[in-house]
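In what follows, a structure is listed as structure tokens, so that the remarks can point back to it.
A short reminder: the numbers here are calculations on the coordinates, not readings from a lab. Just so you know, these numbers come straight off a predicted model, no measurement behind them. Using ideal geometry, Cβ is built from the backbone for each residue, glycine included, and neighbour counts are taken over all protein chains shown.
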Amino acid sequence: MIKKVGLGILAVVVLLGAAAFYFRQDIAEIRAVMAYADAFKPENIDQKFRSLYIEYDSVSIGAPKRTYELPREHRVAPMPVSFSYNGEMASTADYILESHTTGLAIMHNGKLVHEYYDRGNNAETHAIQMSVSKSMASILVGVAVDEGLIESVEDQIVKYVPELKGTAYDGVRLKDVLEMSSGVRWNENYADLESDIVQSVVAILLGSQDEFTKGVPREFEPGTYNRYSSIDTHVVGWVLRGATGKPYEAWFKVKDLHHRWRFETLRLNH
């Protein structure tokens, strides 16, 4: 009888322990979502977008010794005072203020003719790059193709990322993810706390973006429907990791130095 009671107590303890574990997981996810939502509050967004690299896991990539400094040309009036919108004239300065613009740079004929900063930003502050990073990932794929580490953008993703076999990315070409036509289901609504993009942020905070990617379902045939999907860019980075055998940031740093002369040559020739 004592043995049965002891086993019963043990079973209860195990069940309570398991319940506590899952409860902690739920609490952690709720906190992660709340932290994400807090970053987008009007009173926080400017400061948060300057400091997300501190609050989220990040790595620093130092600038190379050789950098290209944009030529500058001072202009008294680089922008029109007003512009026409919906048949009415609107003030350019008012629009910049009302749109909460934190930084604005204007290039003309290869020269920087105007810079503007506001809402706590200046020329030295950090700024979240958002989709600019997607273009950089595409450039690095081009470098990998040039060096023969990636044979073709027509290659299947799983050729370089076998971990994605059996997932929605099985049967998807590298070209498809570069063009964001992978066919995976994806909701990029930053205001919807249950959207795929927000859940991917939670995965970054609490677990693995790679594991999260494996669970994204397919909605369309690959290559047939174009939809903005940040998860596709994560897969591009994963392909680079598999093809080069280097962490993404290491490949970025090395190739920024090694191939700089090629980009400068392109700039000079065009």
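Of note:
- Segments 91-103, 67-79, 27-39, 236-248 sorted - mean Cβ within 10 Å per residue, highest first: 236-248, 27-39, 91-103, 67-79
- Under the simplified labelling scheme, the Ser133-Glu211 pair shows an inter-label distance of 2.0 nm, with each label point 7 Å from Cα along Cα→Cβ.
- Alpha-carbon gyration tensor eigenvalues x 5, square-rooted, for the stretch 34-125, Å: 29, 24, 9
- The stretch 149-193, relative contact order [Cα under 8 Å, separation at least 6], %: 32
- Using R0 = 35 Å, the C-beta based FRET efficiency linking Lys111 and Ile204 works out to 0.35.
- Net charge of Cβ neighbours under 14 Å - reference Leu164; Lys, Arg +1; Asp, Glu -1: -1
- Length-normalised contact order of the stretch 105-202 in % [C-alpha pairs under 8 Å, at least 6 apart]: 12
- Spacing of the two label points (7 Å from each Cα toward its C-beta) at Phe83 and Tyr53, in nm: 2.9
- Projecting label points 7 angstrom from Cα along Cα→Cβ for Arg72 and Lys165 puts them 5.6 nm apart.
- Using only the C-alpha atoms, the convex hull of the stretch 77-155 corresponds to 189 Å³ per residue.
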